[in-house]
Every structure is written in structure tokens, then in C-alpha cells.
Amino acid sequence: MSEVEVHVLASGSKGNCTVIKKGDSVILYDVGISCRRIVNGLKDLHIDMQEIEGIFISHEHSDHICGLKQILKKYDIPVYTKQHTWREIQDKLMVPKEQLIPLTKGSLTLGRLTVEAFSVSHDAADPIGINVFGGSDKVTILTDTGTVNDEILGRLD
């Protein structure tokens, strides 16, 4: 059985994008670099963009979403984020609402990965981090958090 893999394509003020993979299940957390960079980064990992089962957006700042508009023009990939974050993204990028799947409480499963979103502290509409479970493996990803509270600490267990 394969382990959960995490590959950071970019991290920092110039762009953020993380690949989470277990077997043939692949998701992205943030797409703050160009579509071309993401596609090329995935090729280096032997992943085709068509394999991406979902994109999770942490918040609406450009270093987390700048590749989203081009990706959604080329690929039919669902986008998961909070309603308030999506409204902010639509104001900035004018992306199609039908590709949004709003995150609510609880978890969702995409292939071999189960994802739970949780709130973080940041100067954005409704920022999130995610816990990703693949069998007995667990990965927690969060960026740009202002403070770490008890809920976030609990997510790291």
C-alpha cells in the first residue's frame, strides 16, 4: 500500500502550491503559481493534470490563487474552499461558480484521500488549513496563519 506523498511545488510570497498524493489519488493545495509551472512540476512527478481530483484553496491572496483562472479555463477540476473565500476569488478572477464545491463541516473523500478543512487565523475572508488522511497516514497543511490556537494544535495530533 502506498504512503501519502507531499510535494511542494512553491512556497512563499511569490507563490504557493502543494501536491498531495496517495496511489493514483492526487489533490492540490493552493495554485499560486502559473498553470505552466504547475503542469511542469506535476510532469516531474509523473502526474498528469487530468489526474488532479480537486484543488483546495486556503484563501484568496494572489500568491495562493494566481494560477486558478488559467487552470479552470483548461481543465475541469473542482475547487474546494469556503463560501466567503470563493466570493473574494470571483471578485478578483471572475472564475466560473459551477466549479466550486463549498467546504462545510466534516470531511470529504476524493479517491484514496480524505480531507478535513479547519479555520486558521489570517487577514483573509475565511482561510483554511487541511488535514489529509490516506489510510493510516495523516498530513496537515496550513500556511499564513497569524496565531496558533487550541483548535489548530488539536489538528496537528
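What follows is calculated from the coordinates using simple rules that are stated; it is not laboratory data. Because the structure is predicted, anything quoted here is derived from the model rather than measured. All Cβ positions, glycine included, derive from the backbone under ideal geometry; neighbour counts span all protein chains shown.
Overview of results
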quantity: 11 Å beta-carbon shell around Ile65, net charge (K/R +1, D/E -1); calculated: -2
quantity: GNM top mover of Ser25, Ser136, Ser62 - the chain, alpha-carbon springs below 10 Å; calculated: Ser136
quantity: Partners for Lys92 among lysines (Cα-Cα distance below 23 Å; same-chain residues under 8 apart left out); calculated: Lys14, Lys69, Lys73, Lys74, Lys82
quantity: Counting DSSP beta bridges with both ends in the chain, the antiparallel % (nearest 5); calculated: 75
quantity: For the chain: relative contact order, % (alpha-carbon pairs under 8 angstrom, 6 or more apart); calculated: 18
quantity: Taking Glu98, Glu51, Glu88, Glu60 and counting other C-beta atoms within 10 Å, the order from fewest to most; calculated: Glu98, Glu51, Glu88, Glu60
quantity: Value at 222 nm in deg cm²/dmol, rounded to 500, when DSSP H runs of n ≥ 4 in the chain each add -39,500 (n - 2.57); calculated: -6500 deg cm²/dmol
quantity: Structure-derived log10 I(q)/I(0) by the Debye sum over Cα atoms at q = 0.11 Å⁻¹: which label, when the choices are (i) -0.45; (ii) -0.38; (iii) -0.60; calculated: (ii)
quantity: Spatially proximal aspartates and glutamates relative to Lys21 (Cα-Cα < 17 Å; intrachain offsets below 8 disregarded); calculated: Glu3, Glu5, Asp30, Asp44, Asp48, Glu51, Glu53, Glu116, Asp137
